[in-house]
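Trainee: If you scroll down you'll find the structure; I have some questions about it.
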Amino acid sequence: MKYVLNCLVLLVLITSCSKIEENNDPIIGIWKHTVKTATNTNKLVVDNEEWIFNDVYLGRFHGYKNGQVVYLTDFKWSVNNDIYMISYPGTDFPFDFIEMKETEDGTILLRMEGKIFAAKQ
């Protein structure tokens, strides 16, 4: 009987302490950017870029050329003082530092130097 009681207490502790926080960050979703050419040091050339941000601070980047996926990689993201940092582990991509802005045309992400990074879909 004591064993059953201990198991019940342990079960109550585990279920009450394992609450997952909800992430409602506005960056979550799909962001796209159409570019003339975007080349990294691997000579990857794309005409469309897409970032899919999820709620566990991870995401997936797609590079498209003529409608076909030519590059696919995962990324990590974080936010500090409204500045988002995106890293691409296992690639030669540099870190991206961006901020979110509301415009008449919708929500966009801007690089720190003011260039458009992507628009929310």
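The values are calculated or read from the model by the stated rules, or taken from the named source; none is laboratory data. Bear in mind that the values here come from a model prediction, so they are computed numbers and not experimental data. For neighbour counting, all protein chains shown are included, and Cβ atoms are generated from backbone atoms with ideal geometry for every residue, glycine included.
Trainee: Which of the residues that make up segment 54-73 are of a type outside the set (Val, Ile, Thr), over 22 Å from residue 22 (Cβ atoms) and touching a strand residue (DSSP E or B) at 6+ places or on another chain (Cβ under 6 Å)? Before the answer, list the steps.
Mentor: Initial filter on segment 54-73 (of a type outside the set (Val, Ile, Thr)): 54-55, 57-68, 71-72.
Checking the rest, the ones that are also over 22 Å from residue 22 (Cβ atoms) come to 61-68, 71-72.
Of everything in segment 54-73, those that are of a type outside the set (Val, Ile, Thr), over 22 Å from residue 22 (Cβ atoms) and touching a strand residue (DSSP E or B) at 6+ places or on another chain (Cβ under 6 Å) turn out to be 61, 62, 63, 64, 65, 71, 72.
Trainee: Report whether or not residue 10 is modelled with pLDDT under 70 and aliphatic (A, V, I, L, M).
Mentor: Working: modelled with pLDDT under 70: yes; aliphatic (A, V, I, L, M): yes.
It is true that residue 10 is modelled with pLDDT under 70 and aliphatic (A, V, I, L, M).
Trainee: So is residue 47 over 14 Å from residue 25 (Cα atoms) and part of a loop (DSSP other than H, G, I, E, B) or not?
Mentor: Values: over 14 Å from residue 25 (Cα atoms): yes; part of a loop (DSSP other than H, G, I, E, B): no.
It is false that residue 47 is over 14 Å from residue 25 (Cα atoms) and part of a loop (DSSP other than H, G, I, E, B).
Trainee: Turning to a different aspect of this structure: Scan segment 72-116 residue by residue and report those that are aromatic (Phe, Trp, Tyr) and farther than 19 Å from residue 29 by Cα. Steps first, answer last, please.
Mentor: The first filter runs over segment 72-116 and keeps only residues aromatic (Phe, Trp, Tyr), leaving 75, 77, 84, 88, 93, 95, 97.
Listed by number, the residues that qualify are 93, 95.
Trainee: Provide a single number: the residues in segment 25-51 that are at pLDDT below 95 and among the basic types (Lys, Arg).
Mentor: Looking only at that region, the number is 2.
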